Each structure stands twice: as C-alpha cells, then as structure tokens.
Amino acid sequence: MSFLRAYTKPRVFAAAVIGSLVVGAALGVLARTTGATTLTNVLRAIGEIFTTLLQIAVIPLVFTAIVVGITSLRGLGGGRTAARLGGRTVLWFAITSFIASLIGIAIGKLFNPGAGGLGAGIAATAKNADKAAKSVSSWGSWDAFIEGLLPQNFFSAFAEGNTLQVLFLAVLIGAAAYSLGDKAKPFVDFTTSVFEIIQRYLGWIVRLAPLGIAGLIGAAVSNYGDALFRPLLSTTAAVYVGCLLVLFVVYPILLKFVAKISPATFFAKAGTAIQFAFASQSSAATLPLTRQAAVNLGVEPSYAAFATPLASATKMDGCAAVFPAIGAIFIANLAGVQLSIGQYVGIVVVAVLGALATAGTTGWLTALTLTTAFIGLDAKQVALGIALIYSVNPIMDMMRTATNVAGQIVVPTIVARAEGLLDDTVRDTPAPRAKAEPVSA
C-alpha cells in the first residue's frame, strides 16, 4: 500500500509517465533494429489493450459528464446564471481558437510545409490514400457535419460511438433535466452515480498509463522508425512549434493577466493531465484528470463539472486551430496553390465557429477537411495531403492533444475568475499528494 500511495503522488506519477516515454522509445528502437517482431507485437498489444480500456469509457463519460455538469449549475444560481456561464465559456473557447488559428497561419507561412510539391519523393501509401479518400467523402463538407450531428435515434448514437451525436443529446437532456428541477432528481442522481462509477474505473486505468504509454510509443517507433519523423518533417515541426507557442506563450499570458494565476502554479497542477494527454492522444480519456486539475486550481467544482466535459469535446486549439491552418497551407503548397487573404480568413472562421465539428477521436481529420472544403481546395489534393499526414499523425497528435487539454483547463480558470468562482486558497494549496481517482463535485 505504501508503494501505491507513493506511485499516485502527482510528481511520482508524472515522472513515471515521462519515464515510460523514454522506455517505450528505447524498446521500439530495439525491436526495429533487431527485427524482433515478437517484441513489436507485444508492444502493440499492450498499447491496444490500454487504448481499448480507455475508449470503453469515452461515450458514457461524455454523456454523463455533460448531463451532470449542466444540472450542477443549479447550485450556482438560476437559469440566467447558467446561461451566462455557458455563454462566457463558449466565448472564451472562440477567443483562444481565434488566437491559436492566427499562430497556426503565421507558423505555417514561416515553415512553408510542402513547398515544392512532391519533388522530395514523399508519397502516400495505398492504405493511407484509401483511408484519406473515405475520410474526405465522409467529413469534407458542412452538410455532412450537420447531418452527422443528428442521430437516427437515441441508441444509435451510443451504439455507433458517435461522440458528437452523444454530446448533442447530452446537452438537450441535461437542459431538460435542469428545467424540470426536483422532478428530474431521480434521473440526475442515477446519472451522477454512473458518472462516479466511470470516473473510478478511469482512475484505475490511469494507474496503468505508464505501461500503456510505453506500449503505444514503442509500437509507433518500431513500426514507423525514421518514417515517423523524416517525411513531412517541416509539417510536423510546424505543428509542434505552433502548439508550443500556444501552450507556453498564449496560455501563460492569459493566465497571468486575465485569470490572475501564476503560470508556474498552473503547470504544476495541470502538468499530469497535460502529460497524460500527450501520451494517450485522447482529450476524453484525460477528462477526469482535466477536471481535477481545474478544481485544484481553485475553480468551483460545480462549474468545473460543466466546463471541462464540454471543453473536452469541443475545445481543441491544437487539433482544430493550429493544425488545420498548417495542414491547409501544406496541402495548398502540394497543389501549387497560393492561398488568398480571403482563404486565410476562412481558416480562422472555421477555427472559431467549427469547434463542435472536432468532437471525437477524428477531431484533427474533421477540422482539416472542413477547413480545406470551406476555403475551396480541390478534394483530390486534400485526400492526398491527408494520406501523407497519416504517416506522421501519431507524433503530431501527441502535441496537439496536450495543447487541447491545457486549453480545456485554462478557459474554465479564466471564466471562474471573472465570475468570482475561483478560490485562491485552494489554488495556493499544494495538490493532494495521493489522488488515485478523480474526485467529484
């Protein structure tokens, strides 16, 4: 038990996560250089099992967290208070997306990824080309997005694992439960209990993160090797630089001057969530850690219970702002197209207004295809660009997701400060030393 208590201390767990990245990469290199297919298969199996255990909880977690979050706003005031909190939260989603998209465009222009077309010998594999073609046909238009928003029935959204449809249903049902007050109490109590059970389950799975992360990183390095880094190097580098600027420049400025929180305090308390997001590549799976980080920073638990689940599905500065801007420039360069001022404006518009389209595990893909469709790039060229991006997507997605999760914690702290819902005493108190599972509001 003493080992478990020590292991679940934030600093010890964070060190274990970082160590697993190094160990996983080393095992991947070993498997690739020695041709040890058995080791590669073991690493892949470990990563897949960990990912599956996380994904099992994503859909019920999104639904119950949104419903519980909306109904929990009753404790903060009436309907007008809830509406104001929701409106201000979404407004800050848009503001930070706007800033992130501008940074994405600036970095994209600086790095100029894809310049010279395919002269460097980069080519898409047949498998990736087929995946890209299907992706563009499925997600490449706003009509497809709108149609995909509405489920055929309540159960199909859950059965098909459509995060966006589940989010849509959760908002409607949560609003209905809020409006019914005490009449909906049995339903709210049941949903809260399910939410607590899922959080406990995820708390257990999170303990396995170092093992799962080692498998994921090891399998990626073993399978891709240099292909994970060398092709599309400028695109990958641009995504990292753009996301790092948002993560370590934009967010600290907003924290310091708007939320009145020390960036050092923020990263100390949010670091574990950001690191886990980097390795797991899943905002939804990181949600319990995201929510707890917000609470540890002093955000009122009832508001955190509303804002962080909403943010985990719709607030993605990495996937939906920085990356689509750089990806669109990359695809345009491949096609030899010079983007106009109007098209750059279009990239920003999609980043600000299209956040909901990024819900789910294909957020980067949806954001990129909607952006390129909106600014009028050729669908075939978009498919080729996506096929190429698939080859380096695992390494890109780590940085994108880490940025997403950081933003999902930053915005609630900003809004909480403006609304008087930020407890500075809690913020200045060291994070609990042994938190195996996230606590509820």
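The values are calculated or read from the model by the stated rules, or taken from the named source; none is laboratory data. Just so it is clear, the structure is predicted and the values come from calculations on it, not from any experiment. Positions of Cβ are generated from backbone atoms using ideal geometry, with glycine treated the same way; all protein chains shown enter the neighbour counts. Each accessible area value is taken on the protein alone, full model and side chains, heavy atoms only, with ligands, DNA and RNA left out. Shrake-Rupley method; radii C 1.70, N 1.55, O 1.52, S 1.80 Å.
Going by Cα centres, region 262-277 and region 395-423 are how many Å apart? After rounding, the separation between the Cα centres reads 10 Å. The label-point distance for residue 91 and residue 25, in a model that sets each label 7 Å from Cα toward Cβ, rounds to 4.2 nm.
Under a 5 Å amide H cut-off, with hydrogens placed 1.01 Å from N, residue 299 pairs with 423 among residues at least 5 apart or on other chains.
Across the accessible surface of region 272-415, with the other protein chains kept in place and a 1.4 Å probe, carbon and sulfur atoms take up 62 percent. The string of couplings for region 313-324 from the Karplus curve (6.51, -1.76, 1.60, θ = phi - 60°) is 9, 10, 9, 9, 5, x, 6, 10, 10, 5, 5, x Hz, one whole number per residue in order, with x for Gly and Pro.
Out of region 381-432, which trypsin sites (Lys or Arg not before Pro) are coil in DSSP terms and have no more than 15 other C-beta atoms within 10 Å? Write down the numbers at each step before the final one.
Working: sites: 400, 417, 427; in loops: none.
Passing both the DSSP loop test and the Cβ count: no residue.
Distance between the pseudo-spin-label points of residue 233 and residue 378 (7 Å out from Cα toward the beta carbon): 2.8 nm.
With a probe of 1.4 Å, find how much accessible area region 206-304 has per residue, and write the answer as a whole number in Å². It would help to have the intermediate numbers written out before the result.
Working: 3150 Å² over 99 residues.
Roughly 32 Å² per residue, with all protein chains present.
Grab the beta carbon distance between residue 34 and residue 81, set R0 = 56 Å, and tell me the FRET efficiency rounded to 0.05.
Details: r = 62 Å, r/R0 = 1.10.
Given R0 = 56 Å and the Cβ-Cβ separation, E is 0.35.
Label sites at residue 18 and residue 257, each approximated as a point 7 angstrom past Cα along Cα to Cβ, lie 3.0 nm apart.
Of the peptides 42-51, 286-295, the order by per-residue mean of other Cβ atoms within 10 Å, starting with the highest, comes out as 286-295, 42-51.
State the extension gain, in nm to one decimal, for the chain segment bounded by residue 106 and residue 172, taking 0.36 nm per residue of separation less the distance between their alpha-carbons. Don't skip to the end; give the middle numbers.
On the way: separation 66, 0.36 × 66 = 23.76 nm, distance 3.81 nm.
Roughly 19.9 nm would be gained on extension.
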